[in-house]
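Before any comments, here is the structure.
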Amino acid sequence: MTKTSNAMWGGRFATGPDAIMEAINASIGFDKRLARQDIEGSRAHAAMLAATGIITDKDAEAIREGLLTVLSEIEGGNFAFSTALEDIHMNVEARLKEIIGEPAGRLHTARSRNDQVAVDFRLWVRDQCDAADAALLAIIQALLAQAEAAADWVMPGFTHLQVAQPVTLGHHLMAYVEMFARDRSRFADARKRMNESPLGAAALAGTSFPIDRHMTAAALGFDRPTANSLDSTSDRDFALEYLAAASICAMHLSRLSEELVIWSTAQFRFVRMSDRWSTGSSIMPQKRNPDAAELIRAKIGRIMGANVALMTVMKGLPLTYSKDMQEDKEQVFDAADNLMLALAAMTGMISDMTANRDVMEKAAATGFSTATDLADWLVRELNLPFRDAHHVTGTLVALAEGKACDLPDLTLADMQGVHAGIRADIFDVLGVQNSVASRTSYGGTAPTNVRAQIQRWKDAL
């Protein structure tokens, strides 16, 4: 069973596609999300066509006003999208013709759906870069607030998830401020590079009409028009860069989620997630499951998968446009939706999180966490080479393990039995508070450093 000829295709085809071809070919089911950007680009294009004398001012005004009517219908939920019209471009143009008649047919002068979708998609991805930046700013501010309150709250620092050295909770949270700040810079950098307008590249070779691409670029907030018409219609680097930045950001969210999951267990009890971000069990009434953190942790799979999927679509395409590129949008739409959801949820969790100061400090004092402080003391006070100090400290750790105690619990006699030069003031460096306070090197965990970094970020923001 076939349909009648699609008028948007012109006279080349005698019959329309059958149902299966229509289903695989149509993109209106997802690219209708580009409606605002499509109409914004078309209004800029119509204004330029009039300014250059390609169409009359009267036709341009009818087009611009008609497009506003179409946008109002779409945003009001009163627009009937047609699969037979394939995509958002044809759906908008067909409705525009119903509203204003013959002038609607002049809108597509000096452009193609190839440059039209390229500009629509760039505008949409550019908006997503801005949205990600705003969401990242919110999560950074939530982290700063928690870090400031816990600038001197001691907790264990880990390597290999084994207790390594004492740090502060404020310092730990500030590590994620650095990560999310890099994410902001990646989105900003991608946005800057994508901020060139492909509109006017037409199908692939440009156009013989005397268009003003700089005018449409400026009207749409782009820095400049793209410089090569072939690249303009075939490029999806902007979407790939967005997905790459989104993937790294999602990875950071996943790492933080993992820590919140671990910290909220009964074995750790470092933090308590609020009821807003926890769920219960259907049969175990004691359970408080950190489901929001676990779901955020899983989002990296979808977002990174979108990155790989689009890279795979693009890797084998010759210049310029191929229909394969229709598969670009759903991946990006899904990744953007999930990234924004994950950022919002993480901001809420961090804002509501309650830390257990006493439990963290007690944990920081276990696992011989001040062993490095002991070794550093031997270097400073007894002038031992660090490797010798490391050996002495290792012997003392083994001694403490044998006695089932921690380093501060050894007697001075125990320590002098390993190295005769050890004095009683060595115990001053074995407390976790003294340990973190001593880490004053730039970027270290000393509370004075943490507060200085918090202030630096508050000033910068």
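The values are calculated or read from the model by the stated rules, or taken from the named source; none is laboratory data. Values in this document were obtained by computation on a predicted structure and should not be read as measured data. When we count neighbours, we look across all protein chains shown, and the Cβ atoms used for this are built from the backbone with ideal geometry, even at glycine. Areas reflect the complete protein model, heavy atoms only, side chains present, ligands, DNA and RNA absent. Shrake-Rupley method; radii C 1.70, N 1.55, O 1.52, S 1.80 Å.
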For segment 373-417, give me the residue count where each residue is in contact (Cβ under 8 Å) with a residue 24 or more places away in the chain, of a type outside the set (D, E, K, R) and open to solvent by 50 Å² or more (accessible area, probe 1.4 Å). 1
Just checking, how many residues over segment 206-226 are open to solvent by 40 Å² or more (accessible area, probe 1.4 Å) and either free of Cβ contacts under 8 Å to residues at least 12 places away in the same chain or outside any loop (DSSP other than H, G, I, E, B) (or both)? 7
Matching residues in segment 434-449 - criterion: being touching an Asp or Glu at 6+ places or on another chain (Cβ under 8 Å) and open to solvent by 60 Å² or more (accessible area, probe 1.4 Å): Asn434, Ser438
From the list Gln455, Gln416, pick out the single residue that is polar (S, T, N, Q) and more than 13 Å from Ala151 (Cα to Cα). Gln416
Which numbered condition Ser369 misses (of (1) in contact (Cβ under 8 Å) with a residue 24 or more places away in the chain; (2) in the same structural domain as Val154 (by the TED database)): (2)
Please pick out the residue among Leu319, Leu343 that is in contact (Cβ under 8 Å) with a residue 60 or more places away in the chain, out of contact with any Asp or Glu (no Cβ under 7 Å at 6 or more places or on another chain) and surrounded by fewer than 16 Cβ atoms within 10 Å (Cβ to Cβ). Leu319
If a residue has to be over 24 Å from the mean Cα position of the chain (by Cα), over 11 Å from Thr226 (Cβ atoms) and surrounded by 15 or more Cβ atoms within 10 Å (Cβ to Cβ) to count, how many in segment 188-205 make the cut? 3
Could you tell me whether segment 375-389 includes any residue that is under 30 Å from Ala147 (Cα atoms) and touching a strand residue (DSSP E or B) at 6+ places or on another chain (Cβ under 8 Å)? no
Suppose we filter segment 96-139 for residues that are in a loop (DSSP other than H, G, I, E, B) and either within 23 Å of Ala205 (Cβ to Cβ) or of a type in the set (Lys, Arg) (or both); how many remain? 6
Pull out all pairs, ordered by first then second residue, where Cβ-Cβ is under 7 Å, the residues are six or more apart or on different chains, the first lies in segment 187-202 and is touching a residue at least 60 places away in the same chain (Cβ under 8 Å), and the second is of a type in the set (Phe, Trp, Tyr) and surrounded by 24 or more Cβ atoms within 10 Å (Cβ to Cβ). Ala190/Tyr242
Return the residues of segment 236-271 that are open to solvent by less than 20 Å² (accessible area, probe 1.4 Å) and assigned to a loop (DSSP other than H, G, I, E, B); say none if nothing qualifies. Arg236, Phe270
Please list, ordered by residue number, the helices (runs of 4 or more DSSP H) wholly in segment 308-388 having 3 or more residues that are among the basic types (Lys, Arg). none
Take the residues in segment 208-261 that are over 19 Å from the mean Cα position of the chain (by Cα) and of a type in the set (Phe, Trp, Tyr), then tell me which one is nearest to Thr109 (Cα to Cα). Phe209
Here is a list: Glu93, Glu102, Glu86, Glu98. Which entry is assigned by the TED database to the domain that holds Glu40 and on the phi > 0 side of the Ramachandran plot? Glu86
Which of the residues that make up segment 164-185 are open to solvent by less than 10 Å² (accessible area, probe 1.4 Å) and among the β-branched types (Val, Ile, Thr)? Thr168, Val177
Sole miss for Asp459 among (1) under 46 Å from the mean Cα position of the chain (by Cα); (2) part of a helix (DSSP H, G or I); (3) surrounded by 12 or more Cβ atoms within 10 Å (Cβ to Cβ) is condition (3)
Does Ala151 count as open to solvent by less than 10 Å² (accessible area, probe 1.4 Å), within 30 Å of Ala460 (Cβ to Cβ), touching a strand residue (DSSP E or B) at 6+ places or on another chain (Cβ under 8 Å) and not charged (D, E, K, R)? yes
Of the listed residues (Leu319, Leu374, Leu339), the one being among the aliphatic types (A, V, I, L, M) and within 30 Å of Asp425 (Cα to Cα) is Leu374
